[in-house]
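The values are calculated or read from the model by the stated rules, or taken from the named source; none is laboratory data. Not measured: the values here are computed from a predicted model. Cβ: placed from backbone, ideal geometry, glycine included. Neighbour counts: every protein chain shown.
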Amino acid sequence: MIERKNLQRFSTGIIAALSLVTLSACGYFAKTEDEATATPTAPRIEIRVEGVDKKIGENVRAHLALAQETCTAPEWRVRRLFARSEDEVRNAVRAFGYYSLEVEKRLEQVEDCWQATYELDLGEPVTVEAVEVEITGEGSDDAAFSALLEALPVRSGDVVNHGRYEETKQRIASLANERGYLDGRFALSELRVDTARRKAVVRLRYDSGRRYRFGPLSIEQDVLRPELVQAFFEYEEGAPYDSKEVVEINRALSDSGYFSRVDVRPRTDQPEEDHIPVDVTLTPRKPHQFTAGAGVSTDTGPRLRLGYENRRLNRRGHRLNGRISASPVQQEITTGYRIPLKDPRSEWLSFEAGVQREDTDTSDTTGFKLAVRQTKKRRYEWLETRFVEATREKFDVGTQSGDISTLLIPGISWSQAVSEAKFRATWGHRVFFEVKGGADTLLSDTTFVRTRLSGGWIKGLPWDGRILVRGEAGALGVDEFDILPPSQRFFTGGDTSVRGYEFQSLGPKDDAGNVIGGKYLLVGSIEYEHPIVNKWSAAVFADAGNAFSDTDSNEGFKVGIGFGVRWTSPIGPIRLDLAHPVGETPLFRIHFRLGPGI
């Protein structure tokens with residue numbers, strides 16, 4: 001049954017819709033024959049600007065009222081606008097510092113339209129003789145203003161450019177607003193031009209006034225402990241206001257995974273005395289998330305991944321997750337429990353347990369692992385992870401069969417990844433360094449220390465191409481190499497190392513010719529990628545490297561060269577390569593994978 005109020009709304013809507021249709025129909029039948037056959041847009045008067053570059057020419061056209069008229073405009077209006085157009089042209093070129101303009105213009109009829117031609121002689125430009133910028137008020141002691149004044153868009157010696165002058169003022173005002181100088185204003189702003197000397201002086205004096213401070217914090221949410229959410233806020237009430245802090249808090253809360261919507265709103269329009277209150281509204285995400293994915297690469301073949309995560313196990317923000325992944329080469333079942341620590345933005349404690357199996361042409365390993373990890377973000381986006389792993393692995397490698405190794409492995413790693421885009425970045429880098437080990441006096445079957453350093457670098461080029469460089473190095477010191485499982489040894493070869501060779505097929509060999517892994521690793525790669533069409537690119541590359549038994553071993557570097565195609569798909573970059581192992585057979589090997597280049 002429809003309620004009376006809803007019925008009234010429904011009836012009103014029907015009446016309004018019928019009225020609109022009726023009016024539209026009447027308007028349609030009231031059209032004259034000329035209106036029905038008229039062209040939607042008549043062509044505009046042609047404007048020709050000669051003697052200047054494209055940028056100035058476009059600005060001249062933008063300033064000309066005549067440029068907005070169509071070919072059907074009355075002749076009296078066209079001639080009137082043309083007569084006064086010289087002043088518009090002068091204003092347009094003055095924006096670029098030319099104050100001694102000479103103009104020759106003519107207006108003529110060409111076929112069924114008008115054509116206006118302007119021949120310009122710009123003369124000598126006016127240059128900036130001095131730039132005098134002063135910040136007064138509390139902002140005079142702010143290092144952010146000092147840094148801005150060192151890199152202003154307008155500088156002494158430049159040709160006068162009105163756009164850069166306005167940009168300079170905008171940057172000062174924007175910085176003041178970002179830093180909490182809400183009462184800031186320009187006490188003086190002038191661009192004084194001496195046309196006789198062709199010199200100009202820029203004078204700006206900005207009175208920042210007082211700097212406002214962060215006021216009381218109001219948080220609206222009911223799924224986590226209030227103290228946990230407040231820990232995302234690095235500043236304290238009374239600290240100097242900085243909008244970057246607000247942006248960082250918004251990002252941290254969004255990245256936390258707890259909330260589907262984050263609204264951090266400083267009341268800059270309603271300050272309380274010299275404090276800015278901050279209102280935060282958080283909409284929780286659904287606690288349970290199920291994921292599934294599939295992929296393929298020549299290293300591991302087709303693979304399937306299933307996952308589950310409870311994003312919010314309790315009000316303390318604990319999380320539970322599980323993952324199953326399977327391919328012909330690797331199978332894994334892992335579960336984890338994660339606890340946020342003092343700073344939930346960057347610090348957490350996690351417990352992991354899992355079973356893994358890896359079956360390659362060089363080894364067959366089945367292992368069980370328990371791990372405890374403490375992760376914390378350091379300065380400059382460095383991620384530090386301290387961990388202890390307990391592993392028990394059964395492995396076959398070379399002529400060894402059925403060996404079992406137990407290791408207790410403490411370690412630490414640092415990583416950093418920075419890029420300007422998720423998929424096809426034009427600049428970015430990643431760095432990873434890890435050191436770990438075990439001792440036979442501390443629940444391990446052998447004593448060893450293992451270090452690994454890897455990294456990648458991307459640089460875009462002016463013609464839209466880009467260079468990708470990556471490298472990896474490792475070193476292993478061990479008392480009894482035969483006891484150490486393959487997971488702790490070094491192998492190389494495959495899609496992400498030396499292309500042209502099978503996955504983990506490179507490294508020292510035993511007397512029977514089986515690859516058994518090495519104590520040292522050194523791999524490098526360089527690639528050039530160039531766009532072809534839409535999201536497709538072509539690439540050429542060279543890889544080199546190997547795993548070694550000792551520093552003066554004779555295994556030698558293996559080299560792979562080739563070319564490939566790239567497609568930036570909605571789910572990530574897809575890479576198809578045809579690589580040739582130099583001096584080896586077969587002549588070519590196909591590599592296919594989903595993932596970034598570095």
Can you find, within segment 193-238, the residue that is nearest to residue 174 (Cα to Cα) among those that are among the β-branched types (Val, Ile, Thr) and in contact with a strand residue (DSSP E or B) (Cβ under 7 Å, 6 or more places away or on another chain)?
202
Where in segment 426-538 are the strands (runs of 3 or more DSSP E), entirely inside, with at least 3 residues that are aliphatic (A, V, I, L, M) and under 23 Å from residue 552 (Cβ atoms)?
466-478, 520-533
Test: residue in segment 476-494 that is surrounded by fewer than 17 Cβ atoms within 10 Å (Cβ to Cβ) and within 27 Å of residue 416 (Cβ to Cβ):
yes
If residue 584 passes every condition in (1) outside any strand (DSSP E or B); (2) over 21 Å from residue 428 (Cα atoms); (3) touching a strand residue (DSSP E or B) at 6+ places or on another chain (Cβ under 7 Å) but one, which one does it miss?
(3)
Restricting attention to segment 486-495, which residues are in contact with a Lys or Arg (Cβ under 9 Å, 6 or more places away or on another chain) and under 21 Å from residue 436 (Cβ atoms)?
488, 489, 490, 492
Of all residues making up segment 445-475, the number that are touching a helix residue (DSSP H, G or I) at 6+ places or on another chain (Cβ under 9 Å) and not hydrophobic (A, V, I, L, M, F, W, C)
3
Are any residues in segment 170-190 buried (at least 19 other Cβ atoms within 10 Å of the Cβ), in contact with a strand residue (DSSP E or B) (Cβ under 8 Å, 6 or more places away or on another chain) and not small (Gly, Ala, Ser), and if so, which ones?
172, 179
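Among 391, 335, 365, which is the only one that is touching a residue at least 60 places away in the same chain (Cβ under 8 Å), hydroxyl-bearing (Ser, Thr, Tyr) and out of contact with any Leu (no Cβ under 6 Å at 6 or more places or on another chain)?
365
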Consider residue 238 carefully, then state whether it is in a loop (DSSP other than H, G, I, E, B) and either at pLDDT 95 or above or not basic (Lys, Arg) (or both).
yes
Just one listed residue, out of 279, 359, is surrounded by fewer than 16 Cβ atoms within 10 Å (Cβ to Cβ), farther than 26 Å from residue 418 by Cβ and touching a residue at least 40 places away in the same chain (Cβ under 8 Å), and it is 279
Segment 397-422, subset exposed (fewer than 14 other Cβ atoms within 10 Å of the Cβ) and not hydroxyl-bearing (Ser, Thr, Tyr), residue farthest from residue 362 (Cα to Cα)
420
From the list 533, 582, which residue is over 33 Å from the mean Cα position of the chain (by Cα) and surrounded by fewer than 23 Cβ atoms within 10 Å (Cβ to Cβ)?
582
Given (1) crowded, with 18+ Cβ neighbours inside 10 Å; (2) more than 30 Å from the chain's Cα centre (by Cα); (3) not in a strand (DSSP E or B), where does residue 369 come up short, assuming only one miss?
(3)
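For every residue, the table says whether it meets (1) acidic (Asp, Glu); (2) touching a residue at least 40 places away in the same chain (Cβ under 8 Å); (3) in contact with an Asp or Glu (Cβ under 8 Å, 6 or more places away or on another chain); (4) farther than 20 Å from residue 360 by Cα.
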position: 504; (1), (2), (3), (4): no, yes, yes, no
position: 545; (1), (2), (3), (4): no, yes, yes, no
position: 560; (1), (2), (3), (4): no, yes, yes, yes
position: 598; (1), (2), (3), (4): no, yes, no, yes
Restricting to segment 119-165, give me the number of residues that are surrounded by fewer than 16 Cβ atoms within 10 Å (Cβ to Cβ), part of a helix (DSSP H, G or I) and not aliphatic (A, V, I, L, M).
5
